[in-house]
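Every number in this text was worked out from the coordinates using simple rules, so none of it is lab data. For clarity, every value in this text was computed on a predicted model and none was experimentally measured. Reconstructed Cβ throughout: ideal geometry from the backbone, glycine too, with neighbour counts over all protein chains shown.
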Amino acid sequence: MVTFFIRRVIFLIPVLLFVALITFTLMHLAPGGPWSGERNLPPAVERNLNEKYGLDRPVPEQFVLYLSNLLRGDLGLSFSKPGRSVQEVLGGGIGVTVQLGLIAALVAILIGIPLGIIAALRHNTAVDYISMFTAIIGYTTPSFVLGIFLIVLFAVQLRVLPPSGWGRPASMVLPVIALAAAPIAILARYTRASMLDILQQDYVRTARSKGLAEQVVVLRHMLRNALLPVITVLGPVTAALVTGSFVVERMFRIPGIGRMYIDAIFARDYPLIMGTTLLYAVTVAVFNLIVDMLYVAVDPRISYR
Amino acid sequence: MAEATLTPTAQLEQQRPARGLWSDAWRRLRQNKAAVVGAAVVLLLVLVAIFADVLAPYPYAQQHIQDTFEPIGSPAYLLGTDQLGRDLLSRLIYGTRISLGVAFLAQAITLAIGIPLGLLAGAGSRTVDNLIMRVTDVIYAFPDLLFVIIIMAVLGRNIVFVPLAIGIVNWTTIARLVRSQVLSLRERDFVTAARALGVPGRRIMLNHMLPNALTPIIVAVTLGVPQFIMLESTLSFIGIGAPPPMPSWGLMINDGFNSIFSYPHMVVLPGLAIALTMLSFAFLGDGLRDALDPRER
């Protein structure tokens, strides 16, 4: 277990290095530069700017420089927000993004898993069909399309919730629903399938036949075993949350790092693009690692060597 | 008396006529109502995409400056017009072509890269396998939307690059799938038999293994299409996919977003188009998976 963990962590280093290399190369291949937005800078000014940010050096040298700075925890200076470091810029948005992601994840778990359990217990009834139909709609509707419907319904027609912003509880409702819908659906479908599998197990029949209350059978015998495979979908759930956050933050004008990323792409803010990409890659990698660890910790039948 | 002479297997065959994998699957698919509805809508969308020129009342970019923001049901424009007086129905119809075209093309690119590399990884030497799998690991570590956005920034805002960017990022799923199929098929008796008969490795791969790996690939393709439709519309909504005046559904939502309070139909219509298309593909994909592989229910 410990060696497996260490091996996985060590394996992450080359992967992240390649992510950094690919992003760096692609960025510098992209047409236009960070200063092409500001109209007709005098060549001398542009030269000075390039010199200040090290852009006058060969790209491979810039990459090595970036990596050595990165190892010292320095992500560089943002181009589009003069005088501010990438750490400051990311620090200003990450709180909001994490808040949005965590609330959505919590909502997804609290709704998705019970929905799956109920659907499985009422297998092939109207309850099952309705919840699975809702789940497939939640799963297939992109978060920005759902966001549109939510804004039109609750902000435009009913005028009960604000269409944008972040901070007040009321302004959080719509973006959280838009972001949580896909994870809810994924969790509900998976929990249901897993529960249906458990329903047919011998030990469940044994528990029932010895006269245990249905509640005890469901909570003690079924739920624990049914939730095991659900842990594996936490990976896709995290991915859905990360991808969704870009669009949801943009649509609801939420000042998180997802919205910043897209602005940084347009502004060719190389250090900010690098910092955000690496941050997301590390997050996804760490989550996948946690999921694998959790899986081993929870299920004694599995062991990694 | 004739019955008594039949062998037990022949008797079984009499009760249940011999059917191939495909006709069995087809029969199961037809019994699945959601899948049939999904397939019908998908077929309809494909037809709309092909015959967009005939079906659309106006060219998609034609502006009617005197008729901007017409509501749904106005006499000349069935579904109204946008901020430039362009007919929304026509734009939705042409948008089908963009959505499906990009998704199918992207899928073709993922197959063109993923199948050969998957075969190579599964049947090739250990070094080749390791190399290809490490590449998929790196691509897997990127959140896919992030990667597609960066590639689009390099290539530029042009609709023909969208399927390319999506394909470059998403071939890993197919490659991993094909690889795992090859690894499990490699140990099967019919492959051993073919090898014993002296069939060359390339032919074993293409004639014996690939057809057997086809079922999961078909399912992955059907479930991949809606995912790519979503990616295209997301990119266009963000403003780095289809350039104006192209009637991409995502771009139409972006167009209407600023006037969402006054003219919500401008965003609701393309939103419904995206949701309906993705739902149909998901129904069809789920149905195909159940039909082709009844064990996975």
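Data table
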| item | result |
| --- | --- |
| Helix-only [θ]222 nm of the protein assembly as shown, DSSP H runs n ≥ 4, -39500 (n - 2.57) each, per residue, nearest 500 | -23000 deg cm²/dmol |
| DSSP H segments from chain A that extend 27 Å or more along their own axis, Cα-based, with Kyte-Doolittle mean of 1.0 or above | A:2-29, A:86-121, A:169-199, A:270-298 |
| Net charge of neighbours whose Cβ lies under 13 Å from the Cβ of B:Tyr140, counting Lys and Arg as +1 and Asp and Glu as -1 | 0 |
| Sequence-distant residues sharing a close amide H with A:Ser85 (under 5 Å, placed H) | A:Ser78 |
| Whole-angstrom Cα spans of chain B along principal axes, big to small | 82, 59, 29 |
| Three semi-axes of the equivalent ellipsoid, the stretch B:223-286, Cα gyration tensor, whole Å, largest first | 22, 14, 7 |
| Relative contact order (%) - the stretch B:33-135, alpha-carbon pairs under 8 angstrom, separation at least six | 22 |
| Per-selection Rg to Rh, the stretch B:41-98 - Cα, Kirkwood hydrodynamic radius | 1.01 |
| Calculated on alpha-carbon atoms, Rg and Dmax of chain A in Å | 23.9, 87 |
| Two-decimal log10 I(q)/I(0) for the stretch A:237-305, as the Debye equation yields it once each C-alpha is a single scatterer, q = 0.18, 0.19, 0.28 Å⁻¹ | -0.73, -0.78, -1.21 |
| Kirkwood Rh in Å, taken over the stretch A:126-195 so that all alpha-carbon pairs contribute | 13.0 |
| D_trans [Stokes-Einstein, Kirkwood Rh over alpha-carbon pairs] for the stretch B:87-175, 10 °C, 1.306 mPa s, µm² s⁻¹ | 111 |
| Principal axes of the stretch A:166-305: Cα extent on each, largest first, Å | 67, 44, 21 |
| Leading residue at positive end of dipole, the stretch B:74-206 (Cβ point charges), from B:Pro143, B:Gln181, B:Phe161 | B:Gln181 |
| Projected label distance in nm at A:Ile290 and B:His64, using a 7 Å step from Cα toward the beta-carbon | 5.5 |
| Alpha-carbon Rg with Dmax, taken over the stretch B:38-148, Å | 21.8, 67 |
| Net lengthening on full extension, B:Ala108/B:Arg30 (0.36 nm per residue, minus Cα-Cα) | 25.4 nm |
| Largest-first principal axis extents, alpha carbons of the stretch A:53-178, Å | 67, 35, 22 |
| Relative intensity, log₁₀ I(q)/I(0), of the stretch B:133-276 from a Debye sum that treats every alpha carbon as a point, q = 0.13, 0.18, 0.20, 0.21 Å⁻¹ | -0.72, -1.02, -1.14, -1.19 |
| Angle in degrees between helix B:21-31 and the longest Cα principal axis of chain B, rounded to the nearest 10 | 50 |
| Value in Å of the Kirkwood radius, where the stretch A:23-70 supplies the Cα pairs that are averaged | 11.8 |
| Rg/Rh ratio calculated on Cα atoms of the protein assembly as shown (Kirkwood radius) | 0.99 |
